[in-house]
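J.: To start, I am sharing the structure in question, which I have written as structure tokens.
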Amino acid sequence: MRLEPITWERLGQNLAERLLRVEPPEGGAHVRAAVDGAPAARPGELAERLAAELRLRGRPALVVGTEGFLRPASLRFEFGHEDPESFYDGWFDIEALWREVLTPLDEGGTGWVLPDLWDPATDRATRSPRTQLPPGGVLLLHGPLLLHHWFPFDLTVHLNLSPAALRRRTPQDQQWTLPAFARYERETDPVRAADVVVRADDDRHPAWGGAGE
């Protein structure tokens, strides 16, 4: 894939323009987009930037992070606090993401989305109120390992880090997650699976492969 240098500001603008051209699924009223990436790549920052650009263009946008849909600690840590296989398949409440975030935006859905469900700091339900995404609005779901769950996204953006950059930018207390990301690369190949790839090894100088469609 040919990558072109770009600034984060320009990237947000280009992605917003591309999302404006994405049609909702037949019968649907909303666009669902993913910003996929390891925590070290900070996908939430790009999702927020993209949401701001969409709102400037008159398009409602809702940002949801998968960190708000962690499973309870008793389930996440069933096989220990540093088990990469559990992180890969058992940390995030996939059923709740389908039920509370994606399904409400299906054809005939209510449009009312739950922005988060579980607070990992307190290990309790957040009890956040639902937010309605108006017709024509864009959901921006961000987090790691998003592309191996078969979520019905209309556009997917993958923030790619080389193994060396991922290791360098991942805090020491999270290094145990690295085998899960290596497995993700092998089994899902997000660089090929995503519609848009952003190389973020150098946070000051991103590059992207989304000039074409």
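J.: Return yes when L62 is assigned to a strand (DSSP E or B), on the phi < 0 side of the Ramachandran plot and touching a strand residue (DSSP E or B) at 6+ places or on another chain (Cβ under 9 Å) and no when it is not.
T.: Yes, satisfied.
J.: Hey, any hits in the stretch 163-185 for a residue that's open to solvent by 60 Å² or more (accessible area, probe 1.4 Å), at pLDDT 95 or above and under 27 Å from R32 (Cα atoms)?
T.: There is at least one residue in the stretch 163-185 that is open to solvent by 60 Å² or more (accessible area, probe 1.4 Å), at pLDDT 95 or above and under 27 Å from R32 (Cα atoms).
J.: So, one more: Given the structure, is R186 under 16 Å from A41 (Cβ atoms), assigned to a helix (DSSP H, G or I) and free of Cβ contacts under 8 Å to residues at least 24 places away in the same chain?
T.: No: the conditions fail for R186.
J.: Please tell me if G108 is more than 27 Å from P163 (Cα to Cα) and surrounded by fewer than 16 Cβ atoms within 10 Å (Cβ to Cβ).
T.: yes
J.: If I ask for residues that are open to solvent by 80 Å² or more (accessible area, probe 1.4 Å), modelled with pLDDT of 95 or more and assigned to a loop (DSSP other than H, G, I, E, B), which ones from the stretch 123-134 would you list?
T.: The answer is P129, R130.
J.: Another question about this same structure. With respect to P24, determine if the residue is within 19 Å of the chain's Cα centre (by Cα) and at pLDDT below 95. Give the steps one after another, and end with the answer.
T.: On the way: within 19 Å of the chain's Cα centre (by Cα): yes; at pLDDT below 95: yes.
Taking the combined requirement at face value, the residue satisfies it.
J.: Give me the pairs, please: first residue somewhere in the stretch 1-28 and without any contact (Cβ under 8 Å) to a residue 60 or more places away in the chain, second residue anywhere and open to solvent by less than 100 Å² (accessible area, probe 1.4 Å) and part of a loop (DSSP other than H, G, I, E, B), beta-carbon distance under 7 Å, and either six or more positions apart or on two chains.
T.: A16/R57; L20/R57; L20/R59
J.: Has the stretch 5-27 got any residue that is of a type in the set (G, A, S) and open to solvent by 10 Å² or more (accessible area, probe 1.4 Å)?
T.: Taking every residue of the stretch 5-27 in turn, at least one turns out to be of a type in the set (G, A, S) and open to solvent by 10 Å² or more (accessible area, probe 1.4 Å).
J.: Checking V138 against (1) under 19 Å from L11 (Cα atoms); (2) β-branched (V, I, T); (3) open to solvent by 40 Å² or more (accessible area, probe 1.4 Å), only one condition comes out false. Which one?
T.: It is condition (3) that V138 fails.
J.: Just one of L117, L155 is surrounded by 15 or more Cβ atoms within 10 Å (Cβ to Cβ), out of contact with any Cys (no Cβ under 9 Å at 6 or more places or on another chain), among the hydrophobic types (A, V, I, L, M, F, W, C) and under 17 Å from A47 (Cα atoms); which is it?
T.: L155
J.: If only one of L141, L105 is under 15 Å from the mean Cα position of the chain (by Cα) and under 17 Å from P24 (Cβ atoms), which one is it?
T.: L141
J.: What number of residues within the stretch 76-88 satisfy the criterion of being over 21 Å from P171 (Cα atoms) and either charged (D, E, K, R) or at pLDDT 95 or above (or both)?
T.: Residues in the stretch 76-88 being over 21 Å from P171 (Cα atoms) and either charged (D, E, K, R) or at pLDDT 95 or above (or both): 1 in total.
The values are calculated or read from the model by the stated rules, or taken from the named source; none is laboratory data. On a predicted model such as this, the values are computed, not experimentally measured, just so you know. Here the Cβ is made from the backbone with ideal geometry for all residues, glycine too, and neighbour counts use every protein chain on show. SASA here: full protein model, heavy atoms, side chains in, ligands and nucleic acids out. Shrake-Rupley method; radii C 1.70, N 1.55, O 1.52, S 1.80 Å.
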